[in-house]
Each structure stands twice: as C-alpha cells, then as structure tokens.
Amino acid sequence: KGKNVLIPRAETAREVLPKALRKRGLKVTIAPVYRTVGDKQGLTKLKSARDWIAFTSGSTVRHAHAALGAKRFASLHAASIGPITSAVLRELGIAVAAEAAEATSEGLAKAIAKVCKIESASALRTTLKKALREAGRIQHQYFNKVSAKRKKSGWRADLVTKADVAAEQKILDIILKRFPNHDFHAEERPPRAGGSDYTWVIDPIDGTTNYFHGYPASCVSIGLVHRGITIMGGIYDPWRDELFFAERGKGATLNAKRIQVSKAAAIEESLLATGFAYDRDTKADYYLGIVKAFLKRSHGIRREGSAAIDLAWTAAGRLDGYWEFHLNPWDVAAGRLIVEEAGGRVSDFSGKEWGELQGWGKQTLASNGRIHAAMVRQLKKLV
C-alpha cells in the first residue's frame, strides 16, 4: 500500500488493472508506449479478404471496419481472440463467427477450424432426405385441417399456416440435432448467420396457397449451400411420393433413378411453365403480356403454383422451360442445382448467373439448356 506501480502499455487499453490497484491503495502511473494505427499497405491487402478475418484486439476491429466499410465487413466471417474483442465486433453489428476458448493464436486457430469442419457427404445426404420426408409427412397430417393468416407483406395470397411452421420446425430439429453449428435461411423465421460454412436453405411448404385451399400441389424444398455454392438439393412432393435430389457433380435423381432434361430444341416444340409474383394486382397486364408472347409460340403454358415443383419437373423433362419473377432463395436453392445436374440451365432473364444468396430467384429462368438462349431473347423484348 502506498507503493508506486508503473504500467507500460498500449495507448488505448482497458482500465481494469489500474482501477483494481488504486483501490488497493497503490499509486499507478500509466506509460503509453505504443498505439495501434492503420497500416495503408496492410489495409489494402485486407480488402481482398474473402472468408475470414481473425482479430486479436478491439482496436484492430475498429480499423478494419473503417477500412472496409460496414457492408463489406459484414460479408466476412469474423473470428475473435476473446470476449472483449467479441464485444467490439457486436457493438459494430458484426456477428462473431468463432471465439477462442483460450486467448492465444492457437486457441484462435482451433476456434476457426471447428467452424470450418468439412462434414461427411453421407451424413449431409441422409439428414437432408430425412428432413424432406418428415416435412412431407406433416403436410399430409395437416392437409385440409388448417387456417391461414397473411404474412407481414400484407399481400392477400402471401399466407402461412400451422403446417408451414410445424414442418419448418421439424426440418430444423433434424438438421440441428446432427449439425448444431450450421446456419440456416428459412422462410418462416429470421436466418441464422453464425459464421458456419454450411447454410441450409429451407422452404417447408412451397405452394402454401395451393395447400391452404386443399389443392394437392405443394412440396418441401431444401438446398444445402457451402461457402456460397449449393452442393446438395432435394425437393419432395408428398402427394406423388416423388423425391428429386441432386449432389453437385453427381447428377440428379427422382426416387434414386437418374433424370435428364428434355431434348426440345425450340420454343415452338416446348411445354413451358410460369408463376405470378405477389405484385400481380398492379402488374397483371405486364405479366400476361409475357405469357401471351410465349403462349403464341409454344405447345402450351402450365401454372402449378409451386416454383420448386416447376424446377423439378424441368429437370425431369416434364417441362422444357420455366420463368418467374420475384422468387426467394428458399424457393429455388434446391431446384436450381437439380436442373443443372440434370443437364439444364438456370439464370436471370438476361442469361446471367445469380450472385449472392440473398438475390437468388429475383428473376428465374430455367430450361433444358437447348431453348435457353431463345427464351432469353424473348424475355429481353418484354422485360
């Protein structure tokens, strides 16, 4: 008590130790001997980061945030050496994807490695198919027994039922029991973005309006995305007991039998499908104008009311092409892969590939590939 304590430290640091010492009656002198500053060359390199940034202090978090900007920063996985650094990340609205159990470089590396674990393809496949079938069973269980309410969008046909909620919960129960650290992007609840390399994109009932009215044309759709790329996808039609499945690089199947897209070489010999977005009350003439153009050229147009089924049927050759506006990632994540693995093609209406997950489905054009360019040309005249 009464002795002098000198603390040489960073210019910016926590006051826990000085306060505790002063409380014990010691005289504390703080000597700032270094400060953290932004390094121009290092910050330039930081902008090329694609996946992870590991932080060992709050000050490095703030410098990186200032250099990258909030939007770019949020697109990366942030790893923290401990709770104090994690608190700064959360203060800036950044999710902590991994936090070291021990505040060392080795602890930080272990935390990142745990999140980045490569899962067994067999386990992923088994889990996905089980979730599809269990959600399909729930559709049967609730069929013609549910009421519906509108979602927050307010559109009269944007509905949700108890079956949607129950099926989604069952899917997540199955997935998270086997893979508790995985992220998900589901229709009926906020997404989980905890930094996992794996994201399950889930539509528990695609075709809810049909389902609510007792019209048996709905399905379950689940896509599995790994680091931005869909690696597995499944669509289960419980009314026909048809399970469409694809694994990247391994083709597409229907009830375990290989499927391929059709061989139609022109719109004039094609059967097409479409759907209508929820803004159709104000854009009905616009959408019908596009339908008219394709109707005059094709064998016919079908409207099933389930985007996932339309994609699955395009993959199976039952349809030759399909287009729709304003879909969501959960509508198309699985179907896109199934179409592509069956030999078809999926793009926006200009023929470009989709970008980030959040934008998947805004413009959806799927085909057997042979008529894709012709459909793009037709859409460019009208959209």
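Of note:
- Helical mean residue ellipticity (222 nm; -39500 (n - 2.57) per DSSP H run of 4+; nearest 500) of the chain: -11500 deg cm²/dmol
- For region 28-103, a simple Cβ point-charge model (Lys and Arg +1, Asp and Glu -1, everything else neutral) yields a dipole of about 400 debye relative to the Cα centre.
- Radius ratio Rg over Rh of region 35-120, counting only Cα atoms, Kirkwood formula for Rh: 0.96
- With every protein chain in place, region 296-375: carbon and sulfur % of accessible area (1.4 Å): 44
- 5 angstrom amide H check on ALA277, placed H, neighbours 5+ away: PHE325
- Paramagnetic label reach from LYS117 (point 7 Å along Cα→Cβ; backbone nitrogen cut-off under 14 Å): within region 189-215, residues 196-198.
- Normalised by 2.2 N^0.38 Å, where N counts its residues, the alpha-carbon radius of gyration of region 10-83 equals 1.44.
- Label-to-label distance for ALA20 and ARG248 is 4.7 nm, based on points extended 7 Å past Cα in the beta-carbon direction.
- Computed P(r) (all Cα pairs; region 296-343; 10 Å bins; percent): 25, 57, 18, 1
- Under the convention that each Lys and Arg Cβ holds +1 and each Asp and Glu Cβ holds -1, the size of the dipole of region 68-130 around its Cα centre is about 460 debye.
- Binned Cα-Cα distances of the chain, short to long, each 10 Å bin given as a whole percent: 5, 20, 25, 20, 14, 8, 5, 3, 1, 0
- GNM result for the chain, Cα springs below 10 Å: residue of ALA366, ALA78, ALA307 fluctuating most strongly: ALA78
- Acute angle (nearest 10 degrees) that the helix 105-115 long axis makes with the longest principal axis of the chain, alpha-carbon atoms: 20
- Measuring between their Cα centroids, region 32-97 and region 322-383 lie 36 Å from each other.
- Label zone at ARG72, where the point sits 7 Å out along the Cα-to-Cβ direction: region 91-107 residues whose backbone N lies under 19 Å: 92-95
- Of the residues LEU311, ALA167, SER196, the one whose Cα sits farthest towards the positive end of the charge dipole of the chain is SER196 (charges of +1 on Lys and Arg Cβ, -1 on Asp and Glu Cβ, taken about the Cα centre).
- To the nearest 10, the accessible area of GLU102 is 110 Å² with a 1.4 Å probe.
- Helix 372-382 and the longest principal axis of the C-alpha atoms of the chain enclose an angle of approximately 90°.
- Across the options SER298, SER347, ILE84, the greatest Cα extent toward the positive end of the charge dipole of the chain (unit charges at beta carbon of Lys, Arg, Asp, Glu) belongs to ILE84.
- The distance separating the Cα centre of region 205-256 from that of region 111-144 comes to 12 Å.
- Within the shell defined by Cβ-Cβ distances under 14 Å, the residues around SER350 carry a net charge of +4, with Lys and Arg each +1 and Asp and Glu each -1.
- Crossing angle, helix 162-178 versus the chain [Cα axis fit, 0-90 degrees, rounded to tens]: 50
- All Cα-Cα separations within region 289-374 were binned at 5 Å from zero, giving a P(r) of 3, 15, 29, 28, 18, 6, 1, each value a whole percent of the pairs.
- Around the amide H of GLU99, modelled in the peptide plane, lie the amide H atoms of SER80, all under 5 Å away and 5 or more residues distant in sequence or on another chain.
- The magnitude of the dipole of the chain, with charges of +1 and -1 set on the Cβ of Lys/Arg and Asp/Glu and taken from the Cα centre, is near 1400 debye.
- Ranking THR208, GLY234, PHE179 by how far each Cα lies toward the positive end of the dipole of the chain (charges on Cβ) leaves PHE179 at the top.
The values are calculated or read from the model by the stated rules, or taken from the named source; none is laboratory data. Since the structure is predicted, the reported quantities are computational estimates derived from the model, not experimental observations. Quick reminder, even Gly has a Cβ in these numbers, built from the backbone with ideal geometry, and neighbours come from all protein chains shown. We work out accessible area using only protein heavy atoms, side chains counted, and drop any ligands, DNA or RNA first. Shrake-Rupley method; radii C 1.70, N 1.55, O 1.52, S 1.80 Å.
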